[in-house]
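The structure appears below as structure tokens.
The values are calculated or read from the model by the stated rules, or taken from the named source; none is laboratory data. Everything numeric in this text was worked out from a predicted model, so none of it was measured. Counting neighbours? That spans all protein chains shown, and the Cβs are built from the backbone with ideal geometry, glycine included. Protein only, heavy atoms only, side chains kept; ligands, DNA and RNA dropped before computing areas. Shrake-Rupley method; radii C 1.70, N 1.55, O 1.52, S 1.80 Å.
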Amino acid sequence: MTAPQNLDTKAIHVKYSWTRHCNVALFMSSTANDSFPTVGLGTGEGRDQLYWKTIKAFQYVHKHYYDQADWFFKADDDTYVIVENLRWLLSNYTADQPVYFGKRFKPFAKQGYMSGGAGYVLSKEALNRFVEGFRTGDCKHTTSVEDLALGQCMEKMGVIAGDSRDTEKRETFHPFSTGYHLTGHFDKSFWYWSYCMYPIVEGPQCCSDLAISFHYISPPDMHLLEYLVYHLRPYGYRYRYRPPLPDAAQWLPVHRKETSTAEVKTMNANETRSQ
């Protein structure tokens with residue numbers, strides 16, 4: 001999701017950072033821009049138009065790209081996404097399941113709803129039910145609060161709000177910036193405490209080692225995160241979090257076999273000699 005005035009200040013940095021790791025990346029705006037390019041949705045701009053833009057964007061994707069992907073992720077132009085970690089989460093599910101994932105909030109909907117800023121991802125079946133809901137009139141534009149309205153439609157159409165936490169119950173979708181989640185403090189009067197479906201953890205344990213998204217990311221930090229995620233490596237580092245591979249891991253673009261016992265002993269011996 002972007003806007004005409006954001007193309008050269010925000011969207012361009014999304015275009016040349018994390019969206020390069022997607023199978024298909026579309027930039028949705030109120031008006032078309034053939035050189036960027038953006039899809040023109042024929043809506044206005046502003047917060048009161050966000051849900052209309054979301055409705056029309058998913059209708060466009062359903063019409064033109066439904067057979068080109070299994071999962072459909074919506075993000076703002078100040079959200080950074082680690083696409084490989086998203087694929088890891090989704091490899092535990094199939095696209096014919098009516099489910100969607102994101103940072104789960106709990107008020108105003110029985111099963112909760114997903115934060116718009118952190119981004120959310122719909123299975124193919126969830127997308128189909130969302131579009132069908134507006135075709136039949138079961139879902140309507142009831143409020144401009146986009147993420148809540150979409151969540152209420154999902155619930156009405158029988159789409160499950162999934163749990164996106166990792167195997168150690170750490171969050172993967174984040175509605176604030178990376179630094180704020182790691183070092184910030186949420187005052188007890190802050191709305192976040194009453195909105196989160198799961199317990200809030202402040203500090204380094206706030207976020208999964210396989211985190212998927214962060215919000216309110218500045219253009220320079222888009223490129224900083226791209227470097228830290230995909231290029232910077234401490235030599236010889238062994239990842240502390242190595243969850244079991246899901247059954248469908250062989251379908252992921254990058255698949256590593258489990259480390260054998262002999263390989264572990266060799267690595268441990270090398271670590272001992274280097275101390």
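General observations
- Over segment 133-234 - Rg/Rh using Cα atoms and the Kirkwood inverse-distance radius: 1.04
- Axial C-alpha extent at least 30 Å, average Kyte-Doolittle at least 0.5 - helices from the chain (DSSP): none
- Whichever lysines have a C-alpha closer than 19 Å to that of Lys10, once near sequence neighbours (fewer than 8 apart) are set aside: Lys53, Lys74
- For segment 239-247, the Karplus equation 6.51 cos²θ - 1.76 cosθ + 1.60, evaluated at θ = phi - 60°, returns couplings of 4, 6, 10, 10, x, x, 5, x, 4 Hz by residue, with Gly and Pro reported as x.
- Set of lysines near Lys169 by C-alpha distance (under 18 Å), chain-local residues within fewer than 8 positions excluded: Lys103, Lys106
- Only one residue of Pro246, Ser218, Gly116 has its Cα farthest out toward the positive end of the dipole of the chain, where Lys and Arg carry +1 and Asp and Glu -1 on Cβ, and that residue is Pro246.
- In this structure the chain gives 53 Å² per residue of accessible area when probed at 1.4 Å with all protein chains present.
- Annotation: aspartates and glutamates with alpha-carbon distance below 13 angstrom to Lys124 (same-chain offsets under eight excluded): Asp67, Asp70, Asp96, Glu132.
- Fraction of the pair-distance distribution of the chain above 24 Å, Cα-Cα pairs, percent: 52
- Under 5 Å between amide hydrogens, built in the peptide plane, is the criterion, and for Met114 it picks out Phe105, Gly151 among residues at least 5 positions away or on other chains.
- Overall, the accessible surface of segment 97-197 at a probe of 1.4 angstrom is composed of carbon and sulfur to the extent of 53 percent.
- Theoretical gain in end-to-end length, Leu232 to Asp34 [0.36 nm per residue, Cα-Cα removed]: 67.8 nm
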